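**Student:** Got a structure for you, written out below as structure tokens; questions coming shortly.
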Amino acid sequence: QQKVQQSPESLSVPEGGMASLNCTSSDHNFQYFWWYRQHSGEGPKALMSIFSDGDKKEGRFTAHLNKASLHVSLHIRDSQPSDSALYFCAASEHGSSGNKLIFGIGTLLSVKP
Amino acid sequence: AQTIHQWPVAEIKAVGSPLSLGCTIKGKSSPNLYWYWQATGGTLQQLFYSITVGQVESVVQLNLSASRPKDDQFILSTEKLLLSHSGFYLCAWSLWGGSSYEQYFGPGTRLTVL
């Protein structure tokens, strides 16, 4: 079973709309969570990190973490066509050797003009 | 500013042939380096990591090997390619080995094995 599970697998929202992506982990050793975004044909780029319970807001992006339930979400307000990409949730353990990141399968976001 | 360069951009190779992919990081001394593999449209799987020159740790066995001959260079190779090696290979770096440090990815190499 995947240690980091994401939903939905794909999502379509209209331009200006709200996109909500979810991530759940099955491993309580995970302490650090990341959202990465990958545009087609490019390497992924970190959008946000979240390490503490609660919300973290950066511009149009808000991440939420509930450590008790190991649930992480990402909300994109006022979605733009340029936000269309593959979004990965990634998690790592405190003190993991080699800074091992475990990635989910991704959510493919499409923002329609 | 740090830059990460991967070569080649893309490769088409025959099953059973050798492979060598490279990665160079400029503007950062003694970074931690990583190799990832991504199936088309799929998740990322960490393959190797290196904390220092000459030291490489394997995370998953895929009949591949990695080496770090210089502080800023990371090489991924195999003597005999399999069809299952097709995919997108990504090199990444981070400041330190701590789990709270962001990993920065390169542009990737697209490998097609026929």
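The values are calculated or read from the model by the stated rules, or taken from the named source; none is laboratory data. Just so you know, these numbers come straight off a predicted model, no measurement behind them. Reconstructed Cβ throughout: ideal geometry from the backbone, glycine too, with neighbour counts over all protein chains shown. Side chains included, ligands, DNA and RNA excluded: accessible areas come from the protein's heavy atoms. Shrake-Rupley method; radii C 1.70, N 1.55, O 1.52, S 1.80 Å.
**Student:** Multiply the residue gap between A:Lys57 and A:Gln2 by 0.36 nm, knock off their C-alpha separation, and tell me the result in nm, one decimal place.
**Tutor:** My answer for the length gained is 17.1 nm.
**Student:** May I pose another question? Which whole-Hz ³J(HN,Hα) couplings does region A:7-23 yield from phi under the Karplus relation 6.51 cos²θ - 1.76 cosθ + 1.60, θ = phi - 60°, glycine and proline marked x?
**Tutor:** Coupling constants for region A:7-23: 8, x, 6, 9, 8, 10, 10, x, 4, x, x, 9, 10, 10, 10, 10, 8 Hz.
**Student:** What percent does the relative contact order of chain B come to when contacts are Cα pairs within less than 8 Å and at least six residues apart?
**Tutor:** Once divided by the residue count of chain B, the mean separation gives 35 percent.
**Student:** At 1.4 Å probe size, with every protein chain present, just tell me what the per residue accessible area of the protein assembly as shown comes to in Å².
**Tutor:** For the protein assembly as shown, the per-residue accessible area is 46 Å².
**Student:** Enumerate the amide H contacts of B:Val15 below 5 Å, restricted to partners 5 or more residues apart or on another chain; note that Pro and chain-start residues carry no placed amide H.
**Tutor:** Result for B:Val15 returns B:Leu114.
**Student:** State whether chain A is rounded, prolate or oblate according to the following rule on the C-alpha gyration tensor (a ≥ b ≥ c being the square roots of its eigenvalues): a/c under 1.5 gives rounded; otherwise a/b larger than b/c gives prolate, and the remaining case gives oblate.
**Tutor:** In terms of gyration-tensor shape, prolate.
**Student:** Would you mind giving the total buried accessible surface between chains B and A, with a 1.4 Å probe and ligands, DNA and RNA left out, rounded to the nearest 100 Å²? Could you put the intermediate results ahead of the total?
**Tutor:** Working: alone 6180 and 6020 Å², together 10450 Å².
Protein heavy atoms only, the B-A interface buries about 1700 Å².
**Student:** Please go through region A:1-78 and write out the chymotrypsin sites (Phe, Trp or Tyr not before Pro) that DSSP classes as loop and that have at most 15 other C-beta atoms within 10 Å. Could you put the intermediate results ahead of the total?
**Tutor:** Details: sites: A:Phe30, A:Tyr32, A:Phe33, A:Trp34, A:Trp35, A:Tyr36, A:Phe51, A:Phe61; in loops: A:Phe51.
Passing sites in region A:1-78 are A:Phe51.
**Student:** Using DSSP to define loop residues, name the trypsin sites (Lys or Arg not before Pro) in region B:1-104 whose beta-carbon has at most 15 other beta-carbon atoms within 10 Å. Could you put the intermediate results ahead of the total?
**Tutor:** Details: sites: B:Lys13, B:Lys26, B:Lys28, B:Lys70, B:Lys80; in loops: B:Lys28, B:Lys80.
Within region B:1-104, the qualifying trypsin sites (Lys or Arg not before Pro) (loop, at most 15 other Cβ atoms within 10 Å) are B:Lys80.
**Student:** Where the accessible area of region A:1-75 is counted over protein heavy atoms with a 1.4 Å probe, how much of it, in %, is carbon and sulfur?
**Tutor:** C and S atoms contribute 45 percent here.
**Student:** Moving on. With the Cα gyration tensor of chain B in hand, give its eigenvalues times 5 under a square root as the equivalent ellipsoid semi-axes, listed largest first in whole angstrom. The partial results should precede the final answer.
**Tutor:** On the way: eigenvalues 105, 38, 35 Å².
Over the Cα atoms of chain B, the ellipsoid semi-axes are 23, 14, 13 Å.
**Student:** While we're looking at this one, here's another question. Could you check the spin-label model distance between B:Ile12 and B:Glu57? Points 7 Å from the Cα along Cα→Cβ, value in nm.
**Tutor:** In this crude spin-label approximation the distance works out to 3.9 nm.
**Student:** Can you list the residues of region B:65-114 whose accessible area drops by at least 50 Å² going from the chain on its own to the full set of protein chains, with a 1.4 Å probe?
**Tutor:** B:Ser99, B:Ser100, B:Glu102, B:Gln103, B:Phe105
**Student:** Could I ask something else about it? Out of the total accessible area of chain B (probe 1.4 Å, heavy atoms of protein only), what percent is carbon and sulfur?
**Tutor:** Working: 2960 of 5290 Å².
Summing carbon and sulfur atoms, their accessible area is 56 percent of the total for chain B.
**Student:** If you don't mind, there's one more thing I want to ask. Nothing charged except the Cβ atoms of Lys and Arg (+1) and of Asp and Glu (-1): what's the magnitude of the dipole of chain B about its Cα centre? Round to the nearest 20 debye.
**Tutor:** 160
**Student:** What residues of region A:3-49 lose no less than 50 Å² of accessible area with every protein chain in place versus their chain by itself (probe 1.4 Å, heavy atoms only)?
**Tutor:** Those are A:Trp34, A:Pro44, which lose 50 Å² or more relative to the chain on its own.
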